[in-house]
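**Q** There's a structure below that I have some questions on.
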Amino acid sequence: MDGGFLMVRKTSSFRLGQIGRDGSGAQHKQQQHEQQSILPHTIDFVEPEADHRMRHQRFIREQLHELEVKQSVLKRQLSELHGHRLADRLRAVEIEQRRLAGASFNVSRQIAGLDKLHGSMLELLEDVEAIQGKFEKTVPDMRREIAKVEFGVAQAASEQGLVREEVHNAAKSIQAVAVSVSALQEERDTVKRLQADVHELQGEMSRLRSAALLHRELAHNRLEKLEADSKTDYNNGTAARRLTELERTTKLVQQLESVETEYESIINKLPRDCSQIERMRTAGTANQPGDGGLYLIAPAEQHHPLMTQCFGEWTTVQRRQDGTVDFNRSWEEYAQGFGTPAGEFWIGNQALHHLTQDNCSRLRIVMQDIYDNTWHADYATFRIDSRDAGFRLELAGYSGNASDAFEYQNRMQFSAIDVDRDISNTHCAGNYEGGWWFSHCQHANLNGRYNLGLTWFDAARNEWIAVKSSHMMIARRPDCGLTGAAATELPPSPEPTSGLPVPMGTSGSPPRQTITTTPPSFV
């Protein structure tokens with residue numbers, strides 16, 4: 001504050017000095033001169049007011065002199081400062097001017113671009129308005145066309161439904177034709193067999209006639225020789241020896257009949273299937289192992305026993321799990337059966353016929369695909385016809401999650417690599433390997449080549465299941481009772497509580513899972 005006040009004061013004094021030096025100063029000097037002329041020119045007299053003014057003026061002049069010195073110093077410093085920074089400022093001003101010129105040029109160019117963009121936008125707006133006008137004109141036509149297309153789609157959908165119905169009817173017709181063709185083929189085979197039998201009978205008749213003539217001659221010659229021998233050797237004991245040979249032959253025949261009777265008795269005491277074993281085990285009359293055990297059974301009217309694996313009431317008739325057994329075999333080998341019951345196994349078509357001939361069997365198929373998903377197909381009715389009928393398949397009553405692929409092969413005879421009884425143009429068993437009830441080949445084939453040859457068609461997904469393992473089992477239906485000796489030996493059947501085996505892998509025994517009689521649900 002003091003410094004600022006002092007500067008103001010000095011500045012004011014400086015200005016007063018300037019004014020004094022200008023016109024006002026001259027006037028003031030004139031007034032002093034007049035006063036001095038008025039005052040007496042005496043040395044001793046000095047007017048106090050004038051002396052005060054003189055001192056004051058002298059003080060002011062001193063102050064003005066100091067201010068002038070300082071002003072000159074400041075001017076010199078200011079000139080030096082201007083000399084140093086003026087060039088830098090000029091350069092900065094030039095740079096800023098060039099920058100402003102460039103920016104102005106860019107702005108002008110952007111303005112020109114904006115003008116062009118504005119023009120383009122106006123043209124685009126005009127085009128959009130034109131397109132909108134055309135669209136508004138064509139909307140009714142488009143609506144009419146859309147209505148036509150919708151009508152066409154509805155008509156196509158109805159035609160598609162009709163086509164599906166016709167395809168379904170055609171499939172039924174084809175199936176009926178297939179059955180008719182199988183029946184005709186069976187009749188043709190029957191006629192061929194009858195013709196062969198007739199030729200064989202004719203040959204037998206001719207052979208019998210020649211043999212009869214030969215026997216007559218031999219008998220006549222033998223009688224003549226016996227008469228001659230009886231006349232000469234009546235007393236040498238030949239008749240006694242003949243009686244002894246007849247007695248030995250009679251005893252041997254009796255022994256053979258006794259052995260056969262005992263064998264039949266042993267066979268009749270064996271259980272006919274796993275359902276009978278489960279009844280005996282439930283009643284406590286048989287000390288047998290649990291699920292997965294091997295049992296000796298004797299199907300009805302089959303005069304030799306066979307080994308199989310039981311899971312509750314279910315009798316194992318087929319298993320594929322690792323490809324260790326070759327299933328590309330002849331028709332006769334499939335008739336007799338092959339493999340081991342605890343591993344890969346086919347029980348045999350002849351045994352299947354004897355197990356299911358009373359039409360009281362049901363079938364369960366459990367499969368596992370290459371992604372470890374589990375599929376099952378149950379059939380409430382399952383029957384295999386006799387050898388003379390080509391081991392024809394009969395099944396019905398499907399349930400499960402694997403689709404009813406077996407229905408495509410219903411009523412078909414069994415085919416193998418050496419016997420072609422399918423209705424396809426190709427030899428299914430020869431092309432895809434393995435014996436099966438082929439119709440048009442690959443709807444279902446669990447006996448094919450193990451590496452991706454085991455197939456089952458899933459109609460729900462319209463694709464084949466790549467089967468990794470399969471397990472086919474049969475059991476008696478709950479509504480069918482036992483007949484004959486089995487019915488008298490067993491107690492009433494309890495409610496079935498059988499276990500469903502999961503197909504085995506290469507590790508060994510399968511896990512056990514308890515279910516009811518309804519088909520299980522698989523996740």
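The values are calculated or read from the model by the stated rules, or taken from the named source; none is laboratory data. Nothing here was measured: the structure is a model prediction, and the numbers come from that model. Don't worry about glycine lacking a Cβ; one is built from the backbone with ideal geometry, like all the others, and counts go over all protein chains shown. To get the accessible areas, we keep the full protein, side chains included, count just its heavy atoms, and leave off ligands, DNA and RNA. Shrake-Rupley method; radii C 1.70, N 1.55, O 1.52, S 1.80 Å.
**Q** Select from segment 303-321 the residues that are of a type in the set (V, I, T) and closer than 14 Å to S470 by Cβ and list them in ascending order.
**A** Within segment 303-321, T316, V317 meet the criteria.
**Q** Cβ contacts < 9 Å: first residue closer than 17 Å to A377 by Cα, restricted to segment 441-459; second residue acidic (D, E) and assigned to a loop (DSSP other than H, G, I, E, B), any location; separation 6+ or different chain. Result?
**A** Qualifying pairs under 9 Å: N445/E433; N447/E433; A459/D404.
**Q** When you scan segment 353-375, how many residues do you find that are open to solvent by 10 Å² or more (accessible area, probe 1.4 Å), within 21 Å of E394 (Cβ to Cβ) and part of a strand (DSSP E or B)?
**A** Residues in segment 353-375 being open to solvent by 10 Å² or more (accessible area, probe 1.4 Å), within 21 Å of E394 (Cβ to Cβ) and part of a strand (DSSP E or B): 1 in total.
**Q** Then there is this: On the given criteria, is I347 open to solvent by less than 30 Å² (accessible area, probe 1.4 Å), over 23 Å from R392 (Cβ atoms) and aliphatic (A, V, I, L, M)?
**A** Against the criterion (open to solvent by less than 30 Å² (accessible area, probe 1.4 Å), over 23 Å from R392 (Cβ atoms) and aliphatic (A, V, I, L, M)), I347 does not qualify.
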